[in-house]
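Take a look at the structure below.
The values are calculated or read from the model by the stated rules, or taken from the named source; none is laboratory data. Quick caveat: nothing in here was measured; it's all calculated off a predicted structure. Cβ atoms come from the backbone with ideal geometry, glycine included; neighbour counts cover every protein chain shown. Note: areas computed on protein heavy atoms with side chains; ligands, DNA, RNA excluded. Shrake-Rupley method; radii C 1.70, N 1.55, O 1.52, S 1.80 Å.
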Amino acid sequence: MARGADRGMAEIRTPRGKRRSGSSAPQAGLPARREAVRLIAEVLETGRPFDELFRLSAGDGPLAGLAPRDRALVRAIAATAFRHKLAIDDILGRFLSRPLPRRAGGVYATLLSGAAQLLFLRVPAHAAIDLAVSLAAGDRQMRPFKGLVNAVLRKVSAEGAAIAAGQDAARIATPDWLWRRWVSAYGEAEARAIAEAHLAGAALDITVADDVQAAGWADRLGGVLLPTGTVRLADHSGRVEELAGYGDGVWWVQDAAAALPVRLLGDVRGAHVVDLCAAPGGKAMQLAARGARVTAIDSSAHRLARLAENLKRTGLAADTVHGDAALWRPAEPADAVLLDAPCSATGTIRRHPDLPHIKMPEQIGALAGLQSALLAHALTLVKPGGLVVYCSCSLEPEEGPEVVAKVLAAGRAERVPVHADELAGLGHFVTAEGDLRTLPGQAVDAAGDLKGLDGFFAARLRAL
């Protein structure tokens, strides 16, 4: 589909029926739509995360030639399409008499993109439909289906909103296998709150390197200071890099939940702390800003390079090591280890709405085995009595409490319970066992006025 899209502008009919040669400028907004469709199709075909593909395309790929506004439009279309994919599938299915054939190429992604614009981004019908038809007309594989694209999207424009209004939005947006898991783990009311938070998306949360300056930066950026120290910019929609303080390295983007595990290590001034699976570096920067001597390990050279860039921008110091966290050992035992384990990341669907459509339930068991091995190894890297904080951005019990339970049962560590006063008094983040558990629909202030954060689990252990 991508190759056809690259060739496909040789002949496009304008609304007046006249032909334009391939040398003339494309219709306004068409390159952005083409890239959105290409990325949507590639995510669904390959299972690779959207953000990864977007970064690669923006570096030296097709997105590099687009203006920032058009790149933002690509991201908005794709995110909306993924966030509402199952609801859109239900609507499209009512207007397709039979499944699309394999030879249809990017037709499905084009329909998904067009419907997302019509139903959820409120793009005028003439623009969304005409551009979708132009995409189909300009692609060799899709060209035979341009009439279908036109007819289906016109149906969506006319009848889709009424159908969407009758859907159970939170339930239909959640794959059955995830819904069953969350109901089992948290109950149906909490599962619905999680799903509703995913539909709402996420605010921009930032961590200010100097806690003392956080309130001032909240005022300057028009945000609010959460009790846990995170600054939240609820209404930000522009480029993060253009905000005051970013270029000077005063702060970095980090979800409010992701900023909590470091706090469980307490005062780390002068301590040697190993950050396993550290990239892209939010927690490593927190540790460095709090005065720790940080060794940051990651197996991905690409992600480690991003960590190094973040450290350079913020002026914070850490030793970075490209290596396997399950095998690496320090020359001398560390004072503490922070292990943010690779996981299914189902707690981050607010920010990464493609995840439910590229993750499979069978992956969770394999990840849980890796997490158990990493935690067992982490406990051997600290001095006797040293602390290890294990965390994961997953909502799945197998990737959190069950990993910790196995280590405790093996007698390798003891739990050091988390207390509400360590979390600004937010006791609803503390489980009955004394671990940290945040859920996407939870409040992030004592009054319950501010809601929404990533789903995170963390346990604090002392090595025996």
One finds, for His236 and Asp90 with R0 = 22 angstrom and r their Cβ-Cβ distance, a FRET efficiency to the nearest 0.05 of 0.10
Residue-ordered couplings for segment 142-152, obtained by feeding phi - 60° into the Karplus form 6.51 cos²θ - 1.76 cosθ + 1.60 and rounding to whole Hz (Gly and Pro as x), are 7, 3, x, 10, 5, x, 5, 4, 4, 5, 5
Expected unfolding gain across Ala165-Arg98 under the 0.36 nm per residue rule, minus the alpha-carbon gap, is 21.7 nm
Per the helix-only model, the chain has a calculated mean residue ellipticity at 222 nm (DSSP H runs of ≥4, -39500 (n - 2.57) each, divided over all residues, rounded to the nearest 500) of -12000 deg cm²/dmol
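Largest first and in whole Å, give the semi-axes of segment 91-219's equivalent ellipsoid, each being the square root of 5 times a Cα gyration tensor eigenvalue. If you can, show how the numbers build up before the last one.
Numbers: eigenvalues 264, 99, 42 Å².
They are 36, 22, 14 Å, listed largest first.
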Measuring from the longest principal axis of the C-alpha atoms of the chain, the long axis of helix 176-186 (C-alpha) lies at a number of degrees, nearest 10, equal to 30 degrees
If the chain between Ile358 and Asp324 were fully extended at 0.36 nm per residue, the gain over the current Cα-Cα distance would be 9.8 nm
The FRET efficiency for Ala331 and Ala189, from their Cβ-Cβ distance with R0 = 45 Å and rounded to 0.05, is 0.35
Once phi for every residue in segment 77-94 is put through the Karplus expression 6.51 cos²θ - 1.76 cosθ + 1.60 (θ = phi - 60°), the whole-Hz ³J(HN,Hα) values, with Gly and Pro written as x, are 5, 5, 4, 5, 4, 6, 5, 10, 4, 5, 5, 5, 4, 4, 6, 4, x, 6
Two pseudo-spin positions, 7 Å from Cα along C-beta at His419 and at Lys383, lie apart in nanometres by 2.3 nm
Once the dipole of segment 315-464 is set up from charges on Cβ (+1 Lys and Arg, -1 Asp and Glu), the residue from the list Val382, Val337, His322 lying farthest towards its positive end is Val382
Expressed in square angstrom to the nearest 10, the accessible area of Phe50 with a 1.4 Å probe stands at 10 Å²
Listed by chain and number, the aspartates and glutamates with an alpha carbon less than 15 angstrom from that of Lys406, same-chain partners under 8 positions apart left out, are Glu398, Glu414, Glu433, Asp435
Quick calc, segment 264-377, dipole around Cα centre from Cβ unit charges on Lys, Arg (+) and Asp, Glu (-), nearest 20 debye, gives 380 debye
Rounded to the nearest 10 degrees, the helix 125-137 long axis (Cα) sits at an angle to the longest Cα principal axis of the chain of 80 degrees
Given trypsin sites (Lys or Arg not before Pro), DSSP loops and at most 10 other Cβ atoms within 10 Å, the longest exposed-site-free stretch of the chain is 270-464
Once the in-chain neighbours fewer than 8 apart are removed, the lysines whose Cα is under 20 Å from Lys146 read Lys18, Lys155
Placing each pseudo-label 7 Å from Cα in the direction of the beta carbon, Glu433 and Ala67 end up separated by a distance in nanometres of 5.3 nm
Carbon and sulfur atoms account, in whole percent of the 1.4 Å probe accessible area of the chain, for 52 percent
For segment 316-457, whose charge dipole is built from +1 on Lys and Arg Cβ atoms and -1 on Asp and Glu Cβ atoms, the candidate among His428, Cys393, Val403 with its Cα farthest towards the positive end is Val403
Stretched fully, the stretch from Ala305 through Ala151 gains (0.36 nm per residue minus C-alpha distance, one decimal, in nm) 50.7 nm
Expressed in angstrom and rounded, the centroid-to-centroid distance over alpha carbons for segment 365-389 and segment 193-247 is 32 Å
Mean separation of Cα contacts under 8 Å (at least 6 apart) over the residue count of the chain, i.e. the relative contact order in percent, is 12 percent
Rounded to the nearest 10 Å², the 1.4 Å probe accessible area of Tyr186 is 60 Å²
